[in-house]
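Read through the structure below, which is laid out as structure tokens, and then see the notes.
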Amino acid sequence: MKKSLLATLLAGLFATSAQAGIVIPAGEWTLDINGNVNAYASINNAKDSNVIAGGIATVKDARGESHTQGINTGLLPVSLGISGKSRQNDLDIGFTISIQPNVSDNSATGDTAAPLFRQAYLTVGDASWGTVKLGKDIGVFASESILNDMTLLGVGGYSAGTAFPGSGAATTYGGIGTGYIYPAWKAQVAYSTPNFNGLQATVAITNPNQTSGNELYQDRFGYEGKVTYDYLAGDVKGRVWSSAASYKVQTASAGEYTAYAWDLGATANYGPFGVVGTYYNGKGAGTTTFGSNGVDANGSRRDSDGYYVQGTYVTPIKTKVGVAYGRSNLDKANGSDLANLVDYNERITVGAYHPLTKSLNLVAEYNRVTSKAHNGLENESDTYSAGAILFF
């Protein structure tokens, strides 16, 4: 079967290939059962306990305890999916449905955490004119940034902005909020063009997901779009992209405003070396999740931007080692805006990813996250994690 976008990018990111799963011919259909299981033991050290609006570094608990431990999934949740494709009446049709159960639960019985349901969509198209997708899938804007983040195979930032960043969370934060805005999982109607010698575009209308928590109504679809170009220049290959999103927001306290953001990025791979760089800019889009802290109490939009850079090297024993730095900035709307509003969230990641088999990777990471407010308050936290992820 043709690889999904996630599988293709994972194959480029890591030393092992993300192959199609268990392929089953079924009459006119070809089914693919696929997914992953991952778990990591993590130790987190929170050095401060300041209140920073929009800060994502973990903080000490109410008793001043700074160290917490947990066993949890990483940025990529455990997933079980089934996809199918068929050629009928000169059309390529298909579907994908997936569920994401937790590997950790903090309840006394250990079985109360609800699973995620991130994908449920159908596709219809043809190589001559493109593909239409209807249903829930990863958002178009910022999807390339998260899918090229090396912490997708690991942990990255821990459960952000909390005093209890231990086990039980569905996923960790990876590089979200430290270099890019989370693309989220959205109901959408999207059209992707055919691939023109490496050039492809996608446009979508999306369900207008709640962006700041107090919307009165949703009177316009979200608009998202993306252009990608896969290139080969001698021994160097990679991808360049740009994407954008626009949402109209109506709130009870801040009136109506339009939030928008755009990004651009590139990857390059030369032999065992790989680099990734991406930048975004927004107005009213906030930081970490789209629209979060995007406006002040009066509805004045805040400017935001951010970037991350990442370098990896595959050693002779096939272990991929990498270093990444990311930062997300949020400006005050005006001089009377919140003094403790986050000025920036920053992350440094050092990771090692070793393919024990073609399906199983061992992972070890160190992550430092720093959140600094406009008034100078600062929180800093370190996370040490080790575990494994298996794809099938």
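Only residues that are of a type in the set (S, T, N, Q) and under 26 Å from the mean Cα position of the chain (by Cα): list them for region 47-64, please. Give the derivation first.
Of all residues in region 47-64, those of a type in the set (S, T, N, Q) come to 49-50, 58.
Hit for region 47-64 is 58, nothing else.
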Name the residue, out of 74, 54, 70, that is modelled with pLDDT of 85 or more, on the phi > 0 side of the Ramachandran plot and buried (at least 21 other Cβ atoms within 10 Å of the Cβ). 54
What number of residues in region 297-311 are surrounded by 19 or more Cβ atoms within 10 Å (Cβ to Cβ) and either small (Gly, Ala, Ser) or outside any strand (DSSP E or B) (or both)? 3
Given (1) crowded, with 23+ Cβ neighbours inside 10 Å; (2) over 30 Å from residue 67 (Cβ atoms), identify the lone condition not met by residue 193. (1)
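Would you be able to tell me the number of residues in region 230-252 that are aromatic (Phe, Trp, Tyr), out of contact with any helix residue (DSSP H, G or I) (no Cβ under 7 Å at 6 or more places or on another chain) and surrounded by 17 or more Cβ atoms within 10 Å (Cβ to Cβ)?
Of region 230-252, the ones aromatic (Phe, Trp, Tyr) are 231, 241, 247.
Restricting the remaining residues to those that are out of contact with any helix residue (DSSP H, G or I) (no Cβ under 7 Å at 6 or more places or on another chain) gives 231, 247.
This time we only want the ones that are surrounded by 17 or more Cβ atoms within 10 Å (Cβ to Cβ), so: 247.
Total satisfying the criteria: 1.
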Somewhere in region 312-330, is a residue farther than 27 Å from residue 139 by Cα and buried (at least 20 other Cβ atoms within 10 Å of the Cβ)? yes
Tell me, please, whether a residue that is outside any strand (DSSP E or B) and buried (at least 24 other Cβ atoms within 10 Å of the Cβ) can be found in region 127-140. yes
Counting only strands (runs of 3 or more DSSP E) entirely within region 26-97, those with at least 2 residues that are out of contact with any strand residue (DSSP E or B) (no Cβ under 6 Å at 6 or more places or on another chain) are 79-88
Within region 331-347, can you find the residues that are aliphatic (A, V, I, L, M) and either under 19 Å from residue 266 (Cα atoms) or surrounded by fewer than 16 Cβ atoms within 10 Å (Cβ to Cβ) (or both)? 339
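Out of region 183-201, which residues are of a type outside the set (A, V, I, L, M, F, W, C) and under 22 Å from residue 285 (Cβ atoms)? Quick ask: steps written out before the conclusion?
Step one: filter region 183-201 for residues of a type outside the set (A, V, I, L, M, F, W, C), giving 183, 186, 188, 191-195, 197-198, 200.
Matches in region 183-201: 183, 186, 188.
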Failed criterion for residue 212 (all others in (1) at pLDDT 95 or above; (2) small (Gly, Ala, Ser); (3) surrounded by 20 or more Cβ atoms within 10 Å (Cβ to Cβ); (4) more than 16 Å from the chain's Cα centre (by Cα) hold): (1)
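Hey, can you tell me all the residues within region 314-324 that are within 26 Å of residue 182 (Cα to Cα) and touching a residue at least 40 places away in the same chain (Cβ under 8 Å)?
Residues of region 314-324 within 26 Å of residue 182 (Cα to Cα): 320-324.
Result: 320, 322, 324.
The values are calculated or read from the model by the stated rules, or taken from the named source; none is laboratory data. Remember, predicted model here, so these are calculated numbers, not experimental data. Using ideal geometry, Cβ is built from the backbone for each residue, glycine included, and neighbour counts are taken over all protein chains shown.
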